[in-house]
Structure formats: C-alpha cells, structure tokens
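Notes to accompany the following structure.
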Amino acid sequence: MIAPLLTAPALTLPVLALPLLALAACSEEGPAEKTGKAVDDAAQRLKDAVVPPGPGEKAGRAVDKAVQ
C-alpha cells in the first residue's frame, strides 16, 4: 500500500523538478574542478610522451573536444 502523502499532487512537481534544478546549478566550474582538469591534462600529456596516441585515439579526442 502506498502512503497517501507520497501520491499527493502537490509533491509531484517538486520531486520531478529537483533533479533538473541540481543539474542546472552545476553549470560553472569551481576551482577544484579546474585543478582536477589540469591534473588530468598533465597526466595525459605524460602518457602521450611515453606512448604516442594512434590515429584512432587522435580522432576520438578531436570529437571529444568538439562536443564539450
């Protein structure tokens, strides 16, 4: 049996809108995210210096940059 409070129409909109608001609130990068990306980029450059990327990986990276 479902509790009557959970089926109330007044709760439907806030429950459905909450995930959308959470996604919209994360549009700007904070300092921690910028630092994390810099660390990731440095690690990728180090890896590329040891094992150069092939043509498929280069194409995949170009697609990733295009859609960001």
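No value in this document is a laboratory result; all are computed from the given coordinates. The shown structure was predicted, so the numbers you read here are calculated from the model rather than taken from an experiment. FYI the Cβ positions are ideal-geometry reconstructions off the backbone, even for glycines, and counts take in every protein chain you see.
Structure data summary
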quantity	calculated
Gain on full stretching of the segment that runs from Lys34 to Val67 - 0.36 nm per residue minus C-alpha separation	10.1 nm
Local electrostatic count, Gly54, Cβ distance below 14 Å [Lys/Arg +1, Asp/Glu -1]	+1
Where labels lie 7 Å past Cα in the beta-carbon direction, separation of Lys58 and Gln44 in nm	1.6 nm
